Amino acid sequence: MSKTILLSAVAAVAILAAQPAMAKTLKWANDGDVNSMDPYARNETFLLSFMSNIYEPLVRRDKNLKVEPALATEWTQTAPDTWRFKLREDVKFHDGAPFTADDVVFSYQRATGPGSNIPTKLASVKEVRKIDDHTVEFVTNGPNPILLEEISDWYIMDKEWSEANNATQAADLTKNEETYASRNANGTGPFMLQDRQPDVKTVLVPNPNWWDEPEHNLTEVVFSRIGNDATRVAALLSGEIDMIYTVPPQDVERIRRTPGLRIVEGPELRTIFLGFDQTRDELLESSVKGKNPFKDPKVREAFYRAIDMDAIKSKVMRGASAPVGTMIGEGINGYTDELGERYPHDVELARKLLAEAGYADGFEVGLDCPNDRYVNDEAICQAVASMLARVGVKVNLNAQTRSKYFAKILGPAYDTSFYMLGWTPSTYDAHNALYNLVASRGDDKGSQGLFNVGGYSNPRVDELTAAILSETDADKRDAMIQEALTIHKEEFGHIPLHQQTVVWAARDNVDLVQLADNYFPLRFVRLQ
């Protein structure tokens, strides 16, 4: 064989080895986009889940949701209120810069500073200090037995990169702000951002210098936003995409029956609920003038009783939900079946309560709802509106994309009268829901109640919420959780609806791990 022919043969083999056939590109889609590449921009599951592939915390969750080392290799408590973390050495950010204690201190300051939507994750921490380049100390406001759980999705950013790109403060999404970090990223995680086209697609590639041993075999990840349910499902059926993160309930059985595809489902820890403005003297969006009907617990109870959750489960969710009677569901520490049992649906009682409150003829009120955030979110709100109409309440539904919806209800003024929201306690503990959703908010309360959109307030619940955080006796702590949640339930502070089922769809050649918190870690994905 001539040398020329031999070289040509070798070249041909090399070319074939580099062909796309050898590439492992995962193409997946969701109905809503990641609203920012800034990991502090929004305390929302989908954003935090997506960004966990790029940025990393000091401690992370494993496949069983147990805390394990990540950027910190070990930790000890040197005092009841002091935690010392040893940082992993020889870790590099995607641009090659070394990870050090300075980045941890900076990330604490940025996460608790202006524009950040995640200060509640560090609410118990009053100081983070550098001991040396690879050691930091956290000083808390008293003992905190769940600190590790609280910081398991707080991601560390590069101090020098942020300073060089004028991104030392998080961009406030409720004000439509942007910084360099909104469209660019520089983490330490298993994947790097290659291309970002908001509301269209986002492309990630593996980090060749990741400190951990990759379990995945991906060479590229292409995420697309496909808002229309039918179009998204059609893309899966045709092979255009490999995985759907949000599957329309009406298409589950069709996908399940399709050769080469499968449904991946399991219970989710998130609770979907409705909330009321209980703060203003007059609602922003109501026919009632001069007073706020939601300040009357009889009105709140009437709304609760008018909603038929069994009908929503069977007709709207097609069985893919578990109605719940409190702000946390099964799987969260502090949940009990007694708390979880809903008060009975009772239309006549709802009408009676409204009449006793002075609204025998009902009234009009606006309802804010997303249409691309939770499973069948807009359809649930439409069903609620129909059910409330039976007791004389006319609901004016305002369903919007998540970016507009969150900007409205979570803005500085909390511009809503009646709203839907969902919450997964990132600590898998009731305190997280109490602190964020139920405890009183106010200028003197720091980040407490940041997501208590309607302003429910009870002094005893506030007292219990503060005590629960530092209580180390498990029995005493559980008793306080029960008391706080019972008070809130009996006052109809919110209307808990259900825990939705996590339903994904994927091609048979996609091996993945579905977590009960609805996180999608790409580091576990393998394409066969």
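Calculated accessible area for region 141-205 comes out at 41 Å² per residue, all protein chains present (probe 1.4 Å; ligands, DNA, RNA ignored).
For trypsin sites (Lys or Arg not before Pro), the sites in region 289-367 that DSSP calls loop and that have at most 10 other Cβ atoms within 10 Å are LYS289.
Dividing the convex hull volume of the alpha carbon atoms of region 452-513 by its residue count gives 162 Å³ per residue. Taking other residues whose beta carbon is less than 12 angstrom from the beta carbon of LEU527, and scoring Lys, Arg as +1 and Asp, Glu as -1, yields 0.
Projected label points at LYS315 and LYS352, each 7 Å from Cα along the beta carbon direction, are separated by 2.4 nanometres. Stretching the chain fully between ILE131 and ARG460 yields a gain of 114.5 nm (0.36 nm per residue, less the alpha carbon separation). For a modelled paramagnetic label at ASN141, 7 Å from Cα along Cα-to-Cβ, the residues of region 106-120 in reach, with backbone nitrogen under 17 Å, are 109, 111-114, 118-120.
Per-peptide packing, taken as the mean over residues of other Cβ atoms within 10 Å, places 25-31, 232-238 in the sequence 25-31, 232-238 from highest down. For the set TRP504, TRP210, the ranking by accessible area, highest first and with no ligand, DNA or RNA atoms included, is TRP210, TRP504 under a 1.4 Å probe. Averaged over residues, the count of other Cβ atoms within 10 Å places the peptides 245-253, 184-192, 382-390 in the sequence 184-192, 245-253, 382-390, highest first. Taking label positions 7 Å along the Cα-Cβ direction at both GLU177 and ASP102, the computed distance is 2.4 nm, reported to one decimal. Full extension of the chain between ASP95 and GLU74 gives 5.0 nm of extra length, using 0.36 nm per residue less the Cα-Cα distance. Share of carbon and sulfur in the accessible area of region 97-220 stands at 41%, probe radius 1.4 Å. Per residue, region 299-429 exposes an accessible area of 37 Å² to a 1.4 Å probe, with every protein chain left in place.
Using equal-weight Cα scatterers in the Debye expression, the normalised intensity of region 329-451 in log10 at q = 0.13, 0.16, 0.20 Å⁻¹ is -0.72, -1.06, -1.28. Beyond 24 Å in Cα-Cα separation lie the following of the pairs LYS86/LYS159; LYS86/LYS126; LYS289/LYS489; LYS63/LYS121: LYS289/LYS489. Each Cα pair of region 59-155 feeds into the Kirkwood radius, which the Stokes-Einstein equation turns, at 37 °C and 0.692 mPa s, into a diffusion coefficient of 236 µm²/s. Between 0 and 90 degrees, the angle of helix 347-356 with respect to the longest Cα principal axis of the chain falls at about 60 degrees. Near LEU354: Cβ cut-off under 15 Å, other residues only, Lys/Arg at +1 and Asp/Glu at -1. The net charge is +2. From helices alone, the chain scores -7500 deg cm²/dmol at 222 nm; the rule is -39500 (n - 2.57) for each run of n ≥ 4 DSSP H residues, then divide by the residue total. For the chain, the antiparallel share of DSSP beta bridges with both residues in that region comes to about 75%.
Computed across the chain, the Kirkwood radius stands at 24.5 Å (inverse of mean 1/r, all Cα pairs). Set the Förster distance to 35 Å, then compute FRET efficiency between ARG390 and ALA413 from the Cβ-Cβ distance, nearest 0.05. According to the calculation, E is roughly 0.65.
Accessible surface of region 296-420, 1.4 Å probe: 46 percent of it comes from carbon and sulfur atoms. Using a ≥ b ≥ c from the Cα gyration tensor of region 306-385 (square roots of the eigenvalues), is it rounded, prolate or oblate, where a/c under 1.5 gives rounded and otherwise the larger of a/b and b/c decides, a/b for prolate? It is oblate, given that a/c is not under 1.5 and a/b is not larger than b/c. From the Kirkwood radius over Cα pairs of region 170-266, Stokes-Einstein at 4 °C and 1.567 mPa s returns a whole-number translational diffusion coefficient of 80 µm²/s.
With the cut-off at under 14 Å, measuring from each backbone N in region 33-52 to a point 7 Å along the Cα-to-Cβ line of ASN165 picks out 36-41.
The values are calculated or read from the model by the stated rules, or taken from the named source; none is laboratory data. This is a predicted model, so every value here is computed, not measured. We place every Cβ from the backbone using ideal geometry, glycine too, and count neighbours over all the protein chains shown. The accessibility values were calculated without ligands, DNA or RNA, using every heavy atom of the protein model including side chains. Shrake-Rupley method; radii C 1.70, N 1.55, O 1.52, S 1.80 Å.
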